[in-house]
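Supplied in structure tokens, the structure appears directly below.
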Amino acid sequence: MSSSINFILNNEVVKTTVNPATVVLDFLRKNKKLTGTKEGCREGDCGACAILLGHFADGKMRYKTVNSCLLPILSVNGMHIVTIEGLNSDKLNPIQQAIVDEGATQCGFCTPGFIISLTGYFLSAENVDTETAIEFLSGNICRCTGYASIKRAVEKLVAEVKPYTLLNSLTKGQLISVGIIPKYFSGIPSMLEKLESGMLMERIYSDSEFLIGGGTDLFVQKPTALLSSNLTLTGRDRILSEIKAENDFLNIGAAVSISEIQHSETIKKYFPQLEKLLNLFGSTPIRNRATIGGNIINASPIGDMINILLALNASLHFNDERTVDLKNFFLGYKMLNKKDDEELLYISIPLPVKNYKFNFEKVSRRTYLDIASVNSSIYVETNENKIENIRLSAGGVAPVPFYLENTCNFLQSKEINFSLIDEAASIAISEISPISDARGSADYKKILLRQLILAHFIKLFPALIDAEEVI
Ligand SMILES: Cc1cc2nc3c(=O)[nH]c(=O)nc-3n(C[C@H](O)[C@H](O)[C@H](O)COP(=O)(O)OP(=O)(O)OC[C@H]3O[C@@H](n4cnc5c(N)ncnc54)[C@H](O)[C@@H]3O)c2cc1C
Ligand code: FES
Ligand code: FES
């Protein structure tokens, strides 16, 4: 076992003993002088620092776009990093050419990030089309060009590449022949295989002070403290990385990322709505790193995954074999029913009954890449029009992620109609205690929660609740 952090950077093997909490952005720019990866916000918001992170799994390389400003170098051990320099060849590749042809760059500061994200899209897309390609750019911000020309470049590119697709997605060989990735990509698996033999480290820093999931909260909140601390990565144990349904429960490992939840076939089987709804969580690169466990332990009152899990009646399972219902886990603002050294292993959710309905609503100042002012989830089972079982949650309305216990008790066993839901919304408002802050006044948040409860029922029971009546 090597005491260095070993990975492949573009086409080069790197072994480094830099501080494991160094973010990859700094390593690239300061140690490697690869300044094509830009430093913008350092908070995961702008995408200027985007890189591709590849690992070998189930016999093939899988790449995802990540923000290098929130990525500790310890996390890339045994992986392939691709920067904008690693995509260059002696002429512009089709992505670069489309950006030039459509005038989709001005100062150029954001452009490497856009090119990396589009490359990540073609490397991972299950269906190549303009709409999903544009959705994939949710983590990239351009301050000067304007998005119309960027959209045109994407349309042109998709039209050009689409004819090469086999079963809607592109193989590595096709991407190399189209020129989207350079030839050296085909040699990366064997380079990684050699790197892994004897060099992959696991938990080198066992006296950890910080347990890192994706780092998307920690590296925003404590970047300096992390540099003088020991780190341990979660997710090396299988149970933390698995998603499986067994004994009437869906078990999701704490280190599973939000993207993995979106694309898991097991989750799609029981909760198909989550694939689209979770697009409201951060951006593509944030979802690629953010873990479900990190979202819960960070305990933000507006955490989106927590909000969803409260309505799904989730329980938490820790490494000391303790189990806690998520509803009882939050004791006060960022105060948890958890010992400091406990590690969350997995989250279990009861499998839903056949005819259940689920919805998640989030109001934020921007549709994407923004945290909620108020969010809310609903899980409901009905027989004809009568509620048989209901669970409602609300975020941003109390010091903790909130389960609307009184509202659920009121709705239980009742027939759905407008006046019932109207009364339920008033009960919900009476059991919350929002504060005024940058995301809105307390009164505004009360109005939002009422609207979100109505929105759940309008969306799930359009035949019973008339949107016109609500207005
Ligand atoms: C730009 C941006 C956009 C965002 N958008 C959203 C959004 O839309 N919705 C939303 O809800 N959040 C959002 N977030 C917040 C963040 O991405 C999520 O809370 C994410 O799920 C945190 O997971 P992580 O793995 O990155 O956590 P980390 O930063 O790795 O860890 C967070 C905390 O959890 C602890 N921890 C992690 N795993 C375990 C474990 N297995 N056992 C015990 N403790 C553990 C860590 O020690 C730390 O205290 C955003 C963040 C950024 C930077
Ligand atoms: S520098 Fe803005 S997302 Fe990393
Ligand atoms: S081209 Fe200037 S920020 Fe996008």
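The values are calculated or read from the model by the stated rules, or taken from the named source; none is laboratory data. Values in this document were obtained by computation on a predicted structure and should not be read as measured data. Backbone-built Cβ (ideal geometry, glycine too); neighbour counts: all protein chains shown.
Please go through region 360-375 and pick out each residue that is over 18 Å from the mean Cα position of the chain (by Cα) and either modelled with pLDDT of 95 or more or outside the structural domain of Tyr403 (by TED's automatic domain parsing) (or both).
Residue satisfying the conditions is Val374 alone.
Name the residues in region 15-47 that are without any contact (Cβ under 8 Å) to a residue 60 or more places away in the chain and among the hydrophobic types (A, V, I, L, M, F, W, C), would you?
Within region 15-47, Val18, Val24, Leu25, Phe27, Leu28, Leu34, Cys41 qualify.
Might you let me know whether region 138-156 holds any residue that is in a loop (DSSP other than H, G, I, E, B), within 16 Å of ligand 1 (Cβ to nearest atom) and within 23 Å of Leu34 (Cα to Cα)?
First, the residues of region 138-156 that are in a loop (DSSP other than H, G, I, E, B): 140-146.
Remaining after also requiring within 16 Å of ligand 1 (Cβ to nearest atom): 140-141.
Filter once more, keeping what is within 23 Å of Leu34 (Cα to Cα): 140-141.
Yes, some residue in region 138-156 is in a loop (DSSP other than H, G, I, E, B), within 16 Å of ligand 1 (Cβ to nearest atom) and within 23 Å of Leu34 (Cα to Cα).
Would you be able to tell me the number of residues in region 254-267 that are out of contact with any Lys or Arg (no Cβ under 8 Å at 6 or more places or on another chain) and over 20 Å from Gly282 (Cα atoms)?
We begin by selecting, within region 254-267, every residue out of contact with any Lys or Arg (no Cβ under 8 Å at 6 or more places or on another chain); these are 254-256, 260-261, 263-265, 267.
Now narrow it down to the ones that are over 20 Å from Gly282 (Cα atoms): 265.
Number satisfying all stated conditions: 1.
So if I check each of Thr22, Thr17, which one is more than 14 Å from ligand 3 (Cβ to nearest atom), hydroxyl-bearing (Ser, Thr, Tyr) and either within 17 Å of Leu369 (Cβ to Cβ) or surrounded by 18 or more Cβ atoms within 10 Å (Cβ to Cβ) (or both)?
Thr22
What's the number of the only condition in (1) at pLDDT 90 or above; (2) more than 16 Å from ligand 3 (Cβ to nearest atom) that Lys162 fails to meet?
(1)
Right, another one. Just wondering, is there one or more residues in region 50-58 that are within 21 Å of Thr234 (Cβ to Cβ), among the small types (Gly, Ala, Ser), touching a helix residue (DSSP H, G or I) at 6+ places or on another chain (Cβ under 8 Å) and in a strand (DSSP E or B)?
Within region 50-58, one or more residues are within 21 Å of Thr234 (Cβ to Cβ), among the small types (Gly, Ala, Ser), touching a helix residue (DSSP H, G or I) at 6+ places or on another chain (Cβ under 8 Å) and in a strand (DSSP E or B).
Sticking with this one: Which one of Asn295, Asn279, Asn328, Asn313 is of a type outside the set (Val, Ile, Thr), more than 8 Å from ligand 1 (Cβ to nearest atom) and either surrounded by 23 or more Cβ atoms within 10 Å (Cβ to Cβ) or without any contact (Cβ under 8 Å) to a residue 24 or more places away in the chain (or both)?
Details: Asn295 fails: more than 8 Å from ligand 1 (Cβ to nearest atom); Asn279 fails: either surrounded by 23 or more Cβ atoms within 10 Å (Cβ to Cβ) or without any contact (Cβ under 8 Å) to a residue 24 or more places away in the chain (or both); Asn313 fails: either surrounded by 23 or more Cβ atoms within 10 Å (Cβ to Cβ) or without any contact (Cβ under 8 Å) to a residue 24 or more places away in the chain (or both).
Residue meeting the stated conditions: Asn328.
Okay, next question. Quick one: which helices (runs of 4 or more DSSP H) sit completely within region 208-251 and have at least 2 residues that are in the same structural domain as Gly294 (by TED's automatic domain parsing), touching a Phe, Trp or Tyr at 6+ places or on another chain (Cβ under 8 Å) and under 22 Å from Asn319 (Cβ atoms)? First the steps, then the outcome.
Numbers: elements: 218-221, 223-227, 238-241.
Correct list: 238-241.
Somewhere in region 275-285, is a residue basic (Lys, Arg) and not in a loop (DSSP other than H, G, I, E, B)? Give the derivation first.
Residues of region 275-285 basic (Lys, Arg): 276.
Filter again for not in a loop (DSSP other than H, G, I, E, B), leaving 276.
Taking every residue of region 275-285 in turn, at least one turns out to be basic (Lys, Arg) and not in a loop (DSSP other than H, G, I, E, B).
Go through (1) more than 22 Å from Pro462 (Cβ to Cβ); (2) surrounded by 15 or more Cβ atoms within 10 Å (Cβ to Cβ); (3) not aliphatic (A, V, I, L, M) and name the single condition Asp437 misses.
Failing condition for Asp437: (2).
Then there is this: Out of the residues in region 104-137 that are assigned to a helix (DSSP H, G or I) and among the aromatic types (Phe, Trp, Tyr), state the one that is nearest to ligand 2 (Cβ to nearest atom). Spell out how you get there, then give the answer.
Here is the first cut: in region 104-137, the residues assigned to a helix (DSSP H, G or I) are 111-124, 130-137.
Checking which are among the aromatic types (Phe, Trp, Tyr) leaves us with 114, 121-122, 136.
Details: Phe114: 12, Tyr121: 17, Phe122: 21, Phe136: 15 Å.
This residue is Phe114.
Would you check which residues across region 60-103 are among the aliphatic types (A, V, I, L, M), at pLDDT 95 or above and over 23 Å from Lys33 (Cα atoms) and list them?
Ile95, Ala98, Ile99, Val100, listed by residue number.
Which is assigned by TED's automatic domain parsing to the domain that holds Arg143 and over 19 Å from Pro189 (Cβ atoms), of Val82, Val76, Val14, Val66?
The conditions single out Val66.
How about region 212-248: which of its residues are under 30 Å from Lys354 (Cβ atoms) and touching a helix residue (DSSP H, G or I) at 6+ places or on another chain (Cβ under 6 Å)? Spell out the reasoning first.
The initial filter retains those residues of region 212-248 that are under 30 Å from Lys354 (Cβ atoms), namely 239, 241-248.
Across region 212-248, the qualifying residues are Ile243, Ala245.
Same structure again: Is it the case that some residue within region 86-103 is under 16 Å from Arg29 (Cα atoms), within 16 Å of ligand 2 (Cβ to nearest atom) and either surrounded by fewer than 24 Cβ atoms within 10 Å (Cβ to Cβ) or assigned by TED's automatic domain parsing to the domain that holds Thr130 (or both)?
First pass over region 86-103, keeping only residues under 16 Å from Arg29 (Cα atoms): 86.
Those still in the list that are within 16 Å of ligand 2 (Cβ to nearest atom) too: none.
No.
Something else now. Quick test of your reading of the structure: Phe114 fulfils all but one of (1) farther than 22 Å from Lys64 by Cβ; (2) at pLDDT 95 or above. Name the failing condition by number.
Just one mismatch for Phe114, condition (1).
Among the numbered conditions (1) within 17 Å of Ala394 (Cβ to Cβ); (2) surrounded by fewer than 21 Cβ atoms within 10 Å (Cβ to Cβ); (3) away from ligand 2 (no atom under 16 Å from the Cβ), tell me where Phe360 comes up short.
Tallying (1) within 17 Å of Ala394 (Cβ to Cβ); (2) surrounded by fewer than 21 Cβ atoms within 10 Å (Cβ to Cβ); (3) away from ligand 2 (no atom under 16 Å from the Cβ), Phe360 fails exactly one: (2).
Could you grab the pairs with beta carbons closer than 9 Å, sequence gap of 6+ or different chains, first residue in region 48-59 and in the same structural domain as Lys38 (by TED's automatic domain parsing) and among the aromatic types (Phe, Trp, Tyr), second one surrounded by fewer than 18 Cβ atoms within 10 Å (Cβ to Cβ) and part of a strand (DSSP E or B)?
Phe56/Arg62
Moving to a separate point now. Of the residues that sit in region 252-264 and are in contact with a strand residue (DSSP E or B) (Cβ under 9 Å, 6 or more places away or on another chain) and in a helix (DSSP H, G or I), which one is nearest to ligand 1 (Cβ to nearest atom)? Can you show your working first?
Step one: list which residues in region 252-264 are in contact with a strand residue (DSSP E or B) (Cβ under 9 Å, 6 or more places away or on another chain), which gives 252-261, 264.
If we keep only those that are in a helix (DSSP H, G or I) as well, we get 258-261.
Working: Ile258: 6, Ser259: 11, Glu260: 12, Ile261: 10 Å.
This residue is Ile258.
May I ask you to list the residues in region 144-158 that are β-branched (Val, Ile, Thr) and touching a residue at least 40 places away in the same chain (Cβ under 8 Å)?
The initial filter retains those residues of region 144-158 that are β-branched (Val, Ile, Thr), namely 145, 150, 154, 158.
Hits for region 144-158 are Thr145, Ile150, Val154.
In addition: Being within 14 Å of ligand 2 (Cβ to nearest atom) and either modelled with pLDDT of 95 or more or not hydrophobic (A, V, I, L, M, F, W, C) (or both) is the requirement here; does Leu9 meet it?
On the way: within 14 Å of ligand 2 (Cβ to nearest atom): no; either modelled with pLDDT of 95 or more or not hydrophobic (A, V, I, L, M, F, W, C) (or both): yes.
In short, no.
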